[in-house]
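Taking it in order: structure first as structure tokens, then the write-up.
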Amino acid sequence: MASIKDVAAAAGVSVATVSRVLNDHPSVSADARTRVLAAVEALGYRPNAVARSLRTDQTRTLGLVISDVLNPYFTELARSVEEEARALGYSVIIGNADERPELQDHHVRTLLDRRIDGLLVSPTDGGSPLMLEAARGGTPMVFVDRWIPGFDVPVVRADGRAAIRDLVAHLHGLGHRRLAIIAGPAATTTGSERVQAFREALAEYGVPLPDAYIGQGDFQAESGRRVTEGFLDLPEPPEVVFAADNLMALGALDAVRARGLRVPDDIALAAFDDIRWFVHTDPPVTAIAQPTGELGRAAVRALIDRIEGRPPQSVTLPARLVVRRSCGAHPDGNRAADRDANRGVNQTPVQRSTS
């Protein structure tokens, strides 16, 4: 591999001149700059990023700690973060916390040791002394998707409350009254917020949310399967299961099918966090979609603002309901009408499916 001395010899200049060219110093003549860049290209020279960081106190590297790399939502989020960072001249090192606080802190510690310029984190729980220490110590940091209350750190997230109200209105319009939720961990802001929004939306229609219809999950598929099995074993099972993330929804779907039941004829299913797979299931799954790409890009911009001394801003974007057929909506509306006739009740017209 060529060294900076090889470049200097090929260009007929000093090592100091090569260094000035590579750092875009204005004191270099146009002729010397042309010869150095030609030698860099011919020799395939790549500057030592670590050595450069020791001189400039910057690595042009961001750290991203996501909650679960197997979750398609976080995979897409990581992709958008990497693309935006690259466009702005930064690289990204990613750590997967696997929904484990101790693994999250391991990645945070490792990234700080590698002298990253800033840190993006989707926290796995409600508190981390290590992150608090890093934030108070001046490490530029932004929370994305989830956050830790009480930290003076910008937050980039989606607000799903309006979309959850839209979902409950949709379900109520289809005649559903027994609605259950598979909740995420109460220690996470998204876990607690989605349950509260669901409860409040049901209350607007005078529909209770009994404790038996709240199942504690962990944002992973196995918990969705386990909680749904418990719902199905109840003396009066729910008519709808709303999973607070996509992996738990897939686990719920597995549990329903393992019992030989059909969605939505026997039980309806909806999810928070839309994913590409949901249009390919049978039936396609009604879901709340977050603007994942926009969140990733906004998080990178907020972090770079903080790194470069500009005042960063928290960003909140709206989520939206995507209606498909997993809750009983059909283009002709027949299913809901037939069921209502059998129950002897009158309901509002069925919304048309978008898939």
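The values are calculated or read from the model by the stated rules, or taken from the named source; none is laboratory data. Keep in mind that what you see is a predicted model, and the values were worked out from it rather than measured. When we count neighbours, we look across all protein chains shown, and the Cβ atoms used for this are built from the backbone with ideal geometry, even at glycine. To get the accessible areas, we keep the full protein, side chains included, count just its heavy atoms, and leave off ligands, DNA and RNA. Shrake-Rupley method; radii C 1.70, N 1.55, O 1.52, S 1.80 Å.
How big is the shadow of the Cα convex hull of the stretch 219-273, averaged over all directions, in nm²?
3.1
Starting from 0.36 nm per residue, how many nanometres of slack lie between Trp277 and Arg79 once their C-alpha separation is accounted for?
The Trp277-Arg79 span can extend by a further 69.5 nm.
Do me a favour and compute the ellipsoid semi-axes for the chain from its Cα gyration tensor, root of five times each eigenvalue, largest one first, whole Å.
Computed over the chain, the values are 52, 20, 17 Å.
In the stretch 195-332, what percent of the accessible surface is made up of carbon and sulfur (1.4 Å probe, ligands and nucleic acids excluded)?
Looking at the stretch 195-332 in its full context, I get 49 percent from C and S.
Can you compute the modelled spin-label distance between Glu133 and Arg199, with each label point 7 Å from Cα toward Cβ, in nm?
Using points 7 Å along Cα→Cβ, the separation is 3.5 nm.
Counting DSSP beta bridges in the chain, what percent are antiparallel, to the nearest 5?
Bridges in the chain are about 10 percent antiparallel.
Express the relative contact order of the chain as a whole percentage, based on alpha carbon pairs under 8 Å and six or more residues apart in sequence.
With pairs under 8 Å counted, the relative contact order is 15 percent.
Can you give the Kirkwood hydrodynamic radius of the stretch 137-249 from its Cα pairs, in Å with one decimal?
Taking the inverse mean of 1/r over all distinct Cα pairs, the stretch 137-249 comes out at 15.1 Å.
Tell me the mean residue ellipticity at 222 nm calculated for the chain from its helices only (DSSP H runs of n ≥ 4, each -39500 (n - 2.57), averaged over every residue, nearest 500).
Result for the chain: -13500 deg cm²/dmol, rounded to the nearest 500.
Identify the residues of the stretch 212-241 with backbone N under 15 Å of a label point that sits 7 angstrom from the Cα of Arg259 along the Cα-to-Cβ direction, or state none.
212-215, 224-241
Roughly how tilted is helix 334-343, in degrees to the nearest 10 and between 0 and 90, from the longest Cα axis of the chain?
For 334-343 against the chain, the angle is about 40 degrees.
Per residue, how large is the accessible surface of the stretch 10-162? Use a 1.4 angstrom probe and give square angstrom.
49
Using each residue's phi in the stretch 104-119, evaluate 6.51 cos²θ - 1.76 cosθ + 1.60 at θ = phi - 60° and report the 3J(HN,Hα) Karplus result to the nearest Hz, with x for Gly and Pro.
Listing the rounded values in order: 4, 5, 4, 5, 4, 4, 5, 5, 5, 5, 8, 6, 4, 7, x, 10 Hz.
For the chain, build the charge dipole from Cβ charges (+1 Lys, Arg; -1 Asp, Glu) around the Cα centre, then report which of Gly95, Pro140, Phe151 sits farthest towards its positive end.
Farthest towards the positive pole: Pro140.
Quick one: helix 292-307 against the long Cα principal axis of the chain, what's the angle to the nearest 10°, folded into 0 to 90?
Tilt relative to the chain: about 40 degrees.
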